[in-house]
1. Could you please let me know if Ser64 is part of a helix (DSSP H, G or I), at pLDDT 95 or above and closer than 25 Å to Ile242 by Cα?
2. What do you reckon, is Arg327 surrounded by fewer than 24 Cβ atoms within 10 Å (Cβ to Cβ) and among the basic types (Lys, Arg)?
3. Tell me, which strands (runs of 3 or more DSSP E) wholly within the stretch 577-638 include 1 or more residues that are closer than 24 Å to Leu438 by Cα and not aliphatic (A, V, I, L, M)?
4. State all residues of the stretch 236-245 that are closer than 17 Å to Ile299 by Cβ and either among the acidic types (Asp, Glu) or without any contact (Cβ under 8 Å) to a residue 24 or more places away in the chain (or both); if no residue qualifies, say none.
5. Can you name the number of the only condition in (1) on the phi < 0 side of the Ramachandran plot; (2) free of Cβ contacts under 8 Å to residues at least 60 places away in the same chain; (3) not β-branched (Val, Ile, Thr) that Asp139 fails?
6. Among the residues that make up the stretch 249-268, is at least one of them over 25 Å from Phe63 (Cβ atoms) and in contact with a Leu (Cβ under 7 Å, 6 or more places away or on another chain)?
7. Output the residue which, of all residues in the stretch 16-42 that are in a loop (DSSP other than H, G, I, E, B) and either modelled with pLDDT of 95 or more or in contact with a Ser or Thr (Cβ under 7 Å, 6 or more places away or on another chain) (or both), is surrounded by the fewest Cβ atoms within 10 Å (Cβ to Cβ).
8. For the stretch 72-151, which strands (runs of 3 or more DSSP E) that fit wholly inside it have 1 or more residues that are over 30 Å from Asp240 (Cβ atoms)?
Amino acid sequence: MGNIFSSVISCGCNKVPSKNNDKDKFFKPDIVDLSRNDESVLIIEKVDFCNERNSTNHRTKRFSETTPNLVVRRGQEFKLLLELNRAFDKNSDAFCFIFSIVGEDRPSLSNGTLQALVPSDGNNDNPSNWTIKTGASVDKTLEIIVKPAANAPVMVWKLAIDIKNIRNSSSNSFIDQNLIYILFNPWCEQDLVYLPDEDKRQEYVLQDTTLIYRGSHNSISPTVWKVGQFDKDVLQCSMDLISRIGKISSSNRGDPVKIARVLSAVVNSPDDNCVLEGNWGKDFSKGKAPFYWLGSSQIIQDFYRTWSPVKYGQCWVFAGVVTTIARVLGIPSRVITNFSSAHDTDCSMTIDYFVNRDDDNMDSIWNFHVWNEVWMRRPDLGDNEDYSGWQAVDSTPQEVSNGMYQCGPASVKAVKRGDVLRPYDCQFLFSEVNADRLFWPHNGPDKPMKLISKDTTGIGQFLSTKAVGKWEREDVTHEYKFEEKSEEERNIMLKVLKQSQHVFSKYYLNEEFKEVHFEMDIKDDIKIGEKFMVHLKVTNKSGLKVHRASGNICADTVLYNRNRRVQVKAIPFEVAVRPGSTEYVSMEVDFQDYYKKLLPQAAFKISCSAQVQNTDYDYYAQNDFRVRKPDIKFEISDTVSVEKSVDVVVILENPLPIPIKKGTFIVSGTSLKEDIQLKVTDIPAGGFASTQFQYSPSLSGPATIVAKFHSKELDDVDGFTSLKFRDRISYINQETI
């Protein structure tokens, strides 16, 4: 790089501080004290990036395990030490520090991709400006203090330094080969991602393990997920994803809204051949089943190695990867699970279910669906801070938005208030959590439509995320909608329907029939291997007439998104119910009935359809649940401290009434550079399997070990243990799901 002092002056760069005539001080020799006679130009022999000190101050120290480069956060000072060939003389030596974005063909002062900075002793309080100043000068070492702008592009930067001797205009340049990664800064009030709570910053930015909830609304199970934002290649891959695949211009890389929207697109593969390929079938032979993954880092590493989509993911895997990339970039992020999650294909705000024709059901309800929230202000929505805070982004490829499979960022507050026309995709998010579900019979094209029933409360239940600082579930349903059936909730629904162009205003409910009441009940807490019962309670509230009811009770295994169904058992029934009495119909489903028909997630759909004879009244209900799988347990042989190996025993009980022939534990965790596979032999029915490995953490602080178990007979079993240790402080806490 040639000397650029003259070009910096001629372009009138506004990054050169003008206060106190700093530019004149550095470039007009007639104001220099000429009492010294050293005419040689200063030579920089080395730049010390002070990684240890800077990374500690910027809370980026854990990146030092995988990159030698400096990682800092914007809007916050970091220090450099210049090692010189002689002592610095402020009366004769002048510097210009040139920071430019790596990979930019023509970095520019005008769009912020190049910064030419002259050190200044004056104050510059504008957070949109970079600042630089000299610190202590000791012998041949000079301290430089740099503060990137609070809106600086989040990218990889490089540094060059031009040096000039003011006395004789001699100059030289120093180009450093080290890179500087500049991230978003939730600790900086001027940054759009500022999060004013230290516990939340620790959880949503620095925590490298989280919980993702799966199952059904009546059987919620946590899955541990290693976020792995500090693991090898994750930082570099995340930067490349946004620039190479997302194609966000360098000048826009400081805008978290644009980053979040692109992030929701680049994690899925249908339209950009990117990180993760979805698969909601049953054949995973060309890759790994979605429930195989322990966390994000192996997925990101595999993609970074090949730049081809990794196989395979489903919604919680997509969300786990988004969490990793958001946190590595410095954007606070958490995982949200919505139980009984609607997929509205036509933005009608209703989910229409045709009871007798599965192929007509374009709308659907997933047992659960997982997306992300990212924290930021939304200046693109105006000065109204009501839309700032958590923003929903969904990388699971469901519907196209602006020509791509992307969704969000949608202001959670806007969703709750029914402001569904605000960008981006608030309408889709609203339907997922608060659409009304309508049940219609399909009796052929010549039969009139008749609404069997409607459900205004079943969609959007128990929205869940990991609690801050705890291995517990936090319910965030109230952040997405008002209390069900409340006046506020119904008014918001009406408001949304008025904004939609697909209002179902021509349909009418059946004339209400109150003489016979049906109620279906299922015991929820069922372990895999156990039988379960479905009960239908039929009550005749008439005081004079006997009513006869007939119908069917069905139990099906389903994928969590209900795209596939296998019938397990079905029974017909007919009961005569005397006035003022109750009759019961029960169906028993045992292990042998369902075991060979289980699908991934071990989910069931239980449904009942019935008719009351000699009336126009039809009844339909369905419910979902999941048989519960066992937990992996851990035992640790000794206290845990840095660089001290301990034995970790992994234990699993076989809950099945049949033996498990062969199985494998897959273990990952903090300071483990790669996953560990531990094979076990036969596990008898009701018996235990245990195996062990050695664990030696390399850094002090919190840590988590996670494990999964897979076998032909039993798979998708997981557990974790959380640890906390210092250099000589022992193991404090252990928790398992």
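1. Numbers: part of a helix (DSSP H, G or I): yes; at pLDDT 95 or above: no; closer than 25 Å to Ile242 by Cα: yes.
No; evaluated as a whole, the condition is false for this residue.
2. Details: surrounded by fewer than 24 Cβ atoms within 10 Å (Cβ to Cβ): no; among the basic types (Lys, Arg): yes.
Taking the combined requirement at face value, the residue does not satisfy it.
3. Working: elements: 582-589, 603-612, 618-626, 633-636.
Counting at least 1 such residues, we get 603-612, 618-626.
4. Result: Asp240, single match.
5. Only one criterion in (1) on the phi < 0 side of the Ramachandran plot; (2) free of Cβ contacts under 8 Å to residues at least 60 places away in the same chain; (3) not β-branched (Val, Ile, Thr) is unmet by Asp139, namely (1).
6. Scanning the stretch 249-268, I find at least one residue that is over 25 Å from Phe63 (Cβ atoms) and in contact with a Leu (Cβ under 7 Å, 6 or more places away or on another chain), so the answer is yes.
7. Of all residues in the stretch 16-42, those in a loop (DSSP other than H, G, I, E, B) come to 16-18, 28, 32-42.
Among the residues that remain, those that are also either modelled with pLDDT of 95 or more or in contact with a Ser or Thr (Cβ under 7 Å, 6 or more places away or on another chain) (or both) are: 17, 32, 36, 38, 41.
Details: Pro17: 21, Val32: 17, Arg36: 11, Asp38: 14, Val41: 17.
Ranking the candidates gives Arg36 first.
8. On the way: elements: 78-84, 93-101, 114-117, 131-138, 141-147.
In the stretch 72-151, 78-84, 93-101, 131-138, 141-147 are the strands (runs of 3 or more DSSP E) which contain 1 or more residues that are over 30 Å from Asp240 (Cβ atoms).
The values are calculated or read from the model by the stated rules, or taken from the named source; none is laboratory data. Since we're looking at a predicted model, the values are computed, not measured. Quick reminder, even Gly has a Cβ in these numbers, built from the backbone with ideal geometry, and neighbours come from all protein chains shown. Note: areas computed on protein heavy atoms with side chains; ligands, DNA, RNA excluded. Shrake-Rupley method; radii C 1.70, N 1.55, O 1.52, S 1.80 Å.
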